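Read through the structure below, which is laid out as structure tokens, and then see the notes.
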Amino acid sequence: MLKGLIGKKIGMTQIFDDQGVAYPVTLIEAGPCYVTQIRKPEKEGYSAVQLGFGEVHPKRLSNGELGHLNANKIPPMRFLREFRIKTPELNIGDKVTVDVFAVGERVDVLGVSKGKGFAGVVKRHHFHGMNATHGTSDRNRAPGSNSSGTTPGRVYRGSRRAGHMGMDRVTSQNLKVVMVDAERNLIALHGAVPGGKGSLVVLKETRKQ
Amino acid sequence: MADLLKAVEARKNEKIPELQPGDTVNVHTKIKEGDRERIQEFKGTVIRLRKGGNEASFTVRRVASNGIGVERTFLLRSPRVDKVVVERHNKVRRAQLYFMRGRTGKSARLKQKFE
């Protein structure tokens, strides 16, 4: 059985479980997803399932995308993602909903982290910065010196510098499922999930077991 | 999206009345021991009320044996709070009664407020 879904991050809140324990949770509107393609070793060289999520107006898609979905009478979908699975017991057009996950299970969540723009070394690499006082002037968040002197006479490759931060593909591993609401297609996961509100996330069965 | 967040939040715990800073209260909490459930009481002064809808809480301070102060924070919507009994309202002029932490004995008393 495929344990994977595509969803939209709603935001964070706090909910109680049946024991009365309060959990900080991220709410995700996950699915319903449609199986849009089955990838087979004979044809594509590997086996996987392609899921579609987020119904859109047909005008939003290119003719190629539309044709891919129309061929199997699937409504136009905004996002298509593949899930590697050895034995997909699914057919094209099948609906996948939050029911695939149960409360207490662990999942991995893939998302794109919030973009921070061009960030300095203090924010990007947790450098400590320099003294606020003792004669420091305009150097509070500077990276410090680069390298030694004549030897090696260059900056080592891969040394941590300022630069673009965020907008990376990030996986949060081993998050516990606290609540599943099949009626509203909602799933609540213990802890934080990469990305801003409304961003696309992919839920998978966890690798850590 | 905000509606979906609201939809999963806990309902207000109806057994908790309106509280004010300085109130002397008796908080009954459900405690689970194995498969048995019992009620534990915690009596003291409300020294802090934190608003914020779903995450709202209140802190109760009491002085235990040997004059050791004990503070406990309860979530206003927690289903574990069985009930809260307000035993008396006290006259206070502050929203947060942190000054009570430095006080013991006679100086830690509050004047009762009569309606």
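The values are calculated or read from the model by the stated rules, or taken from the named source; none is laboratory data. On a predicted model such as this, the values are computed, not experimentally measured, just so you know. Because the Cβ atoms are built from the backbone with ideal geometry, glycine has one as well, and the counts that use them run over all protein chains shown.
Residues in segment A:11-47 that are more than 8 Å from chain B (Cβ to nearest Cβ) and within 23 Å of A:ASP94 (Cα to Cα): how many?
19
Check every one of the strands (runs of 3 or more DSSP E) wholly within segment A:1-83 and list those with 1 or more residues that are in contact with a Phe, Trp or Tyr (Cβ under 9 Å, 6 or more places away or on another chain) and among the hydroxyl-bearing types (Ser, Thr, Tyr).
A:22-30, A:33-39
Only one of (1) without any contact (Cβ under 8 Å) to a residue 24 or more places away in the chain; (2) within 13 Å of another protein chain (Cβ to nearest Cβ); (3) surrounded by 14 or more Cβ atoms within 10 Å (Cβ to Cβ) fails for B:GLU37. Which number is that?
(3)
Is there a residue in segment A:113-121 that is of a type in the set (D, E, K, R), within 14 Å of chain B (Cβ to nearest Cβ) and out of contact with any Leu (no Cβ under 7 Å at 6 or more places or on another chain)?
Looking for residues that are of a type in the set (D, E, K, R), within 14 Å of chain B (Cβ to nearest Cβ) and out of contact with any Leu (no Cβ under 7 Å at 6 or more places or on another chain), one finds none in segment A:113-121, hence no.
Being in contact with a strand residue (DSSP E or B) (Cβ under 6 Å, 6 or more places away or on another chain) and either of a type in the set (S, T, N, Q) or assigned to a helix (DSSP H, G or I) (or both) is the filter here; which residues of segment B:91-108 pass it?
Start the filter on segment B:91-108 by keeping residues that are in contact with a strand residue (DSSP E or B) (Cβ under 6 Å, 6 or more places away or on another chain), which leaves B:96-97, B:100.
Once the filter is applied, which keeps residues that are in contact with a strand residue (DSSP E or B) (Cβ under 6 Å, 6 or more places away or on another chain) and either of a type in the set (S, T, N, Q) or assigned to a helix (DSSP H, G or I) (or both), segment B:91-108 yields B:GLN96, B:MET100.
Inside segment A:126-170, can you point out the residues that are in contact with a Ser or Thr (Cβ under 8 Å, 6 or more places away or on another chain), within 30 Å of A:LYS9 (Cα to Cα) and part of a loop (DSSP other than H, G, I, E, B)?
Once the filter is applied, which keeps residues that are in contact with a Ser or Thr (Cβ under 8 Å, 6 or more places away or on another chain), within 30 Å of A:LYS9 (Cα to Cα) and part of a loop (DSSP other than H, G, I, E, B), segment A:126-170 yields A:GLY166, A:MET167, A:ASP168.
Among residues belonging to segment B:76-115 that are polar (S, T, N, Q) and surrounded by fewer than 17 Cβ atoms within 10 Å (Cβ to Cβ), point out the one that is modelled with the highest pLDDT.
B:GLN96
Any chance you could count how many residues in segment B:45-68 are of a type outside the set (Lys, Arg), closer than 28 Å to A:PRO24 by Cβ and either part of a strand (DSSP E or B) or touching a strand residue (DSSP E or B) at 6+ places or on another chain (Cβ under 9 Å) (or both)?
10
How many residues does segment A:171-209 hold that are under 13 Å from A:GLY11 (Cβ atoms), small (Gly, Ala, Ser), within 14 Å of chain B (Cβ to nearest Cβ) and part of a loop (DSSP other than H, G, I, E, B)?
The number of residues fulfilling the criteria is 4.
In segment A:48-64, which residues are over 22 Å from the mean Cα position of the chain (by Cα) and buried (at least 16 other Cβ atoms within 10 Å of the Cβ)?
A:LEU61
Among the listed residues A:TYR34, A:TYR23, which satisfies the condition of being of a type in the set (Ser, Thr, Tyr), crowded, with 16+ Cβ neighbours inside 10 Å and under 20 Å from the mean Cα position of the chain (by Cα)?
A:TYR34
Within segment B:1-16, work out how many residues are surrounded by fewer than 12 Cβ atoms within 10 Å (Cβ to Cβ) and in contact (Cβ under 8 Å) with a residue 40 or more places away in the chain.
Matching residues across segment B:1-16 total 1.
Taking the conditions exactly as written (out of contact with any Asp or Glu (no Cβ under 6 Å at 6 or more places or on another chain), more than 14 Å from every other protein chain (Cβ to nearest Cβ), within 25 Å of A:THR13 (Cβ to Cβ) and part of a strand (DSSP E or B)), does B:ARG72 satisfy them or not?
When the stated conditions are applied, B:ARG72 passes them.
Report yes if some residue within segment A:98-106 is farther than 20 Å from A:ARG184 by Cβ, surrounded by 12 or more Cβ atoms within 10 Å (Cβ to Cβ) and of a type in the set (Lys, Arg); otherwise report no. Break it down stepwise before answering.
Taking segment A:98-106 as the starting set, the residues that turn out to be farther than 20 Å from A:ARG184 by Cβ are A:106.
Subset that is surrounded by 12 or more Cβ atoms within 10 Å (Cβ to Cβ): A:106.
Still in the running and of a type in the set (Lys, Arg): A:106.
Within segment A:98-106 (the criterion being farther than 20 Å from A:ARG184 by Cβ, surrounded by 12 or more Cβ atoms within 10 Å (Cβ to Cβ) and of a type in the set (Lys, Arg)), the answer is yes, since at least one residue qualifies.
With the structure loaded, tell me whether A:LYS8 is within 14 Å of another protein chain (Cβ to nearest Cβ) and touching a strand residue (DSSP E or B) at 6+ places or on another chain (Cβ under 7 Å) or whether it fails that test.
yes
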